[in-house]
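Only one structure is covered here, and it is reproduced in the block below.
The values are calculated or read from the model by the stated rules, or taken from the named source; none is laboratory data. Only a predicted model underlies this, so the values are computations on that prediction, with no experimental measurement involved. Using ideal geometry, Cβ is built from the backbone for each residue, glycine included, and neighbour counts are taken over all protein chains shown. To get the accessible areas, we keep the full protein, side chains included, count just its heavy atoms, and leave off ligands, DNA and RNA. Shrake-Rupley method; radii C 1.70, N 1.55, O 1.52, S 1.80 Å.
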Amino acid sequence: MIIVPGPSSMKLGKEVAALLGLRSVAVEYKNFPDGESYQRLTESVGGEDVALVHTTYPNQDKRLVELLIIIDGLKSLGAAKVRVVVPYMAYARQDTRFREGEVVSINSLFKMIQSAGADEFYTVDLHKEASLSAFGIKARNLYATEVIADYLKRSGLEEPYILSPDKGAIMIAKRIGERIGAEYGNFEKTRDRITGAITVKGEKVNARGRNVAIVDDLISTGGTIANAAKILKEGGAKRVIAICSHPLLVAGAYERMMGAGVDEVLGTDTVESSIGKISVAPLIAKGLQ
Ligand code: R5P
């Protein structure tokens with residue numbers, strides 16, 4: 001197997017190759033003046049079993065087009081097999097027809113990735129694992145909870161309570177809690193499907209005097225975490241840290257969370273960010289073996 005670090009995951013792809021002791025083939029990459037992407041494989045991939053590592057943020061649409069083009073390109077250059085590793089899979093939250101007439105974006109994208117020539121698909125903490133059923137090829141979700149839990153343990157945060165801000169991420173809290181032997185639970189969150197406004201309720205969790213790690217699959221505007229942190233701090237929580245797999249952090253998100261009482265924000269490196277201290281390279285390397 002050889003690793004091809006795509007333009008959006010050059011660092012992570014190279015780390016995966018180093019961990020597996022595999023050759024990595026660089027992609028020459030540039031943007032044309034009008035914004036279109038140019039990609040060129042700098043070595044032959046003919047007959048090779050290739051693992052392409054390419055995340056889809058930022059910018060989702062551009063990174064997705066690059067992903068589709070390079071999968072097809074690898075196949076047309078003679079790769080025998082293309083394993084597609086997308087550390088952060090964009091559009092995964094639109095996984096259901098919530099309102100009549102809506103498109104289920106993640107299903108459409110998975111169909112496109114398969115038609116482009118993917119033989120296998122891997123991602124990390126997909127918003128809903130069941131979405132992978134749209135694929136007709138081997139498709140795996142890798143759990144960043146492993147590396148997050150190990151990081152939390154090393155961090156020395158005393159007797160943390162692991163909190164999911166909503167029911168959706170309870171499995172993340174459960175996996176981390178069980179791995180480090182910590183108590184876990186969830187708040188309740190509702191989102192207005194038209195305005196996007198969220199309401200978080202946390203009556204069932206008593207965090208007085210506790211250190212709390214709020215865990216979620218992704219942080220976008222930081223609104224979900226900020227709402228949860230406010231409730232925790234008002235309820236007497238000691239230290240509140242926020243940890244996510246995918247730190248998308250749109251403008252103002254970090255400040256919003258800190259302003260609500262969060263003491264520290266951490267993420268993995270599925271997308272590049274200033275808070276991506278936890279690497280998923282070992283997780284991807286293990287998943288590809
Ligand atoms: C939603 O279900 C996700 O798991 C996240 O909780 C959400 O997308 C985070 O978004 P934001 O940071 O904008 O609140």
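Residue check, ALA169 against (1) within 12 Å of the ligand (Cβ to nearest atom); (2) part of a strand (DSSP E or B), all met but one. Which one?
So ALA169 meets the others, but not (2).
GLY177 fails exactly one of the following numbered conditions: (1) farther than 23 Å from ALA285 by Cα; (2) open to solvent by 10 Å² or more (accessible area, probe 1.4 Å). What is the number of that condition?
(2)
Going through the stretch 242-253 one residue at a time, which ones are in contact (Cβ under 8 Å) with a residue 12 or more places away in the chain and surrounded by fewer than 19 Cβ atoms within 10 Å (Cβ to Cβ)?
Selection gives VAL250, GLY252.
Check the stretch 95-111 and report whether any residue there is part of a loop (DSSP other than H, G, I, E, B), aliphatic (A, V, I, L, M), crowded, with 18+ Cβ neighbours inside 10 Å and touching a helix residue (DSSP H, G or I) at 6+ places or on another chain (Cβ under 6 Å).
No, the stretch 95-111 has no match at all.
Within the stretch 182-196, work out how many residues are open to solvent by 60 Å² or more (accessible area, probe 1.4 Å) and farther than 23 Å from THR145 by Cα.
Adding up the residues that qualify gives 6.
Residues that are open to solvent by 60 Å² or more (accessible area, probe 1.4 Å), at least 3 per element: which strands (runs of 3 or more DSSP E) completely within the stretch 1-49 meet that?
27-31
Could you please find all residues in the stretch 137-166 being within 16 Å of the ligand (Cβ to nearest atom) and without any contact (Cβ under 8 Å) to a residue 24 or more places away in the chain?
Selection gives ASN141 alone.
I'd like to check which helices (runs of 4 or more DSSP H) are fully inside the stretch 178-289 and have at least 1 residues that are within 21 Å of LYS167 (Cα to Cα), within 12 Å of the ligand (Cβ to nearest atom) and modelled with pLDDT of 95 or more.
Helices (runs of 4 or more DSSP H) meeting the threshold: 223-234, 253-259.
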